[in-house]
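The values are calculated or read from the model by the stated rules, or taken from the named source; none is laboratory data. Keep in mind the model is a prediction, meaning the values are calculated, not measured. No Cβ is skipped: glycine too gets one built from the backbone with ideal geometry, and neighbour counts run over all protein chains shown. Keep in mind that these areas ignore ligands, DNA and RNA; they rest on the heavy atoms of the full protein, side chains included. Shrake-Rupley method; radii C 1.70, N 1.55, O 1.52, S 1.80 Å.
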Amino acid sequence: MLTFFSVVVAAIIFEYSNGFHDAANAIATVVSTRVLTPRRAIAMAAFFNLTGALLGGAVASTIGKGLVDTNVVTMSTVLCAVIAAFTWNIATWWFGLPSSSSHSLIGGLCGAALAAARGNWSVIKWNAGVWPKVVVPMIMSPLAGFIFGGLLMFLLFVTLHRFTPHFVQSLFGKLQIFSAAWMAHSHGTNDAQKTMGIITLALFTGTKAGSFDHLPGWLNFLKTPAFVLPTWVIGLCAVTMAVGTAAGGWRIIRTLGDRMVKLQPVHGFAAETTAALIIQAASYYGIPLSTTHVISTSIMGVGTVKRFSGMKWTVVERIIWAWLFTLPASGLIGYALARAVTAL
C-alpha cells in the first residue's frame, strides 16, 4: 500500500512538472508577441489545460495498457517509470530544452517493464503499440508541424499582403488569444491523460495483486478490476496539471518564444493553430503525442517562411538532440531504477 501511495505522489509531482515544463507549449508565442502579459498568458493556459484534461480517455488507455504487457507490471515498476520521467523532465527544464514529457514517461515505463521482465523484450508491445503510436508519430508529427505551419504561414502571407501592417497586427493580436487557448486546451487533452493512465495502471495492477483486499470500506474506490479511468483520477490529474501550468516555465518559454525566431502575432497564430489541430487529432485516436515536438516544429516552419536566415539553427540543433535522447535516456533511467529495486 505504501508503494501505491508513493506512485500517486510521484505521479502528481510528474504531472505538476509536466504543467510548468510544458506551459511554454501553449503560451510561448503569445508571450513573445506581447499579445498577452506573462501572468495573463499563464492564467489562460492553466484554465484551458484544465478543460482539456477533463475530456477524453483514449490517450490514457494507450499509456496504461497499450505499450507494455500489464502482466509483468508491478507497483514498483510504475513508480520507477514515473521517477525516471520526472528526472529527465527536470534535467531538460534546467537547461531550458523543450523535450517531451510524453516520451520521457513512455521511455521510463518501457525501461522499467523491460527490467521487471528480466530483459525479455517481448514485454514491450512493439507492433501494436510502441511502433504505430509512439515511434511513427514521433517522426511524422514534427514533420507535419513544420510543413503545415509553413504552409499556413505562406497562405496567410498571400492573403494578407494587401493589408496594412497595423491592420494585420491588430487582427491577429486578437485571433492569437483564441489560438493560444485552443493550443492549451489540446495540450490538456493529450498530456494530462498520460499521468491518468499511469495512476490507473497502478490501481489495476494493485487490484489484480490483491493489494487493496484488506483495506477499510471507505477505500473501496481504489479497487479497479477493469482498466477504466476513475473519475477521481481524472479530476486529480486535471487540477494538478493546471496548478503546474500556473507555476510557469520561463526557461522554456524564452527558448521557444524568443531564442528560435522573432515572431509577430500572425506568426504565433499560424504556429498555435497548426499545433493545436495536430494534437487534437492525435488525442482523438489515442496517440500520446509530444506536444512539445509539434509546437516547436510549427514555430520552425512559420519562422522559415518568415525568413530562413532568421532561424537560430544552433538552438534548433540543441532541441533536436534533446528529442532524440529523451526515449533512450528515460528508458535507461527507468531500467536502472527497476533493476535496483529488484536487487534489494
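Observations on the model:
- Cβ-defined net charge surrounding A226, 15 Å radius [Lys, Arg +1; Asp, Glu -1]: +3
- Summed over the residues of the chain and divided among them, the accessible surface reaches 42 Å² per residue at a probe radius of 1.4 Å.
- D (Stokes-Einstein, µm²/s), Kirkwood Cα radius, segment 18-138, 1.306 mPa s at 10 °C: 99 µm²/s
- Accessible surface of segment 171-236, 1.4 Å probe, proportion on carbon and sulfur as whole %: 72 percent
- Across segment 271-286, computed HN-Hα scalar couplings (Karplus, 6.51 cos²θ - 1.76 cosθ + 1.60, θ = phi - 60°) run 5, 5, 5, 4, 5, 4, 5, 5, 5, 4, 5, 5, 4, 4, 8, x Hz from first to last residue, x flagging Gly and Pro.
- With a Cα cut-off of under 26 Å and a minimum spacing of 8 residues unless on different chains, the lysine pairs in the chain number 17.
- Rolling a 1.4 Å probe over the protein heavy atoms of segment 109-165, with every protein chain left in place, gives an accessible area that is 74 percent carbon and sulfur.
- Cα-centred dipole magnitude for the chain, charges only on beta-carbon of K, R (+1) and D, E (-1), debye, nearest 20: 640 debye
- Over segment 55-122, volume per residue of the alpha carbon convex hull, in Å³: 97 Å³
- Cβ-Cβ FRET estimate between L324 and W94, R0 fixed at 30 Å, reported to 0.05: 0.95
- All distinct Cα pairs of the chain go into the 1/r average, and the inverse of that average, the Kirkwood radius, is 20.0 Å.
- Scattering curve values for segment 90-158, log₁₀ I(q)/I(0), Debye with Cα scatterers, q = 0.12, 0.17, 0.22 Å⁻¹: -0.51, -0.80, -0.99
- When T29, T37 are compared by accessible area of protein heavy atoms, the largest-first order is T37, T29, using a 1.4 Å probe.
- Computed from Cα positions, the angle between helix 165-209 and the longest principal axis of the chain comes to roughly 10 degrees.
- Taking amide hydrogens as placed 1.01 Å from N in the peptide plane, the amide H of V68 sits under 5 Å from those of K125, each at least 5 positions away in sequence or on another chain.
- Listed peptides 278-288, 133-143 appear in the order 278-288, 133-143 once ranked by packing, highest mean of other Cβ atoms within 10 Å at the front.
- Ranked by how many other beta carbons lie within 10 Å on average, peptides 59-66, 230-237 from highest: 59-66, 230-237
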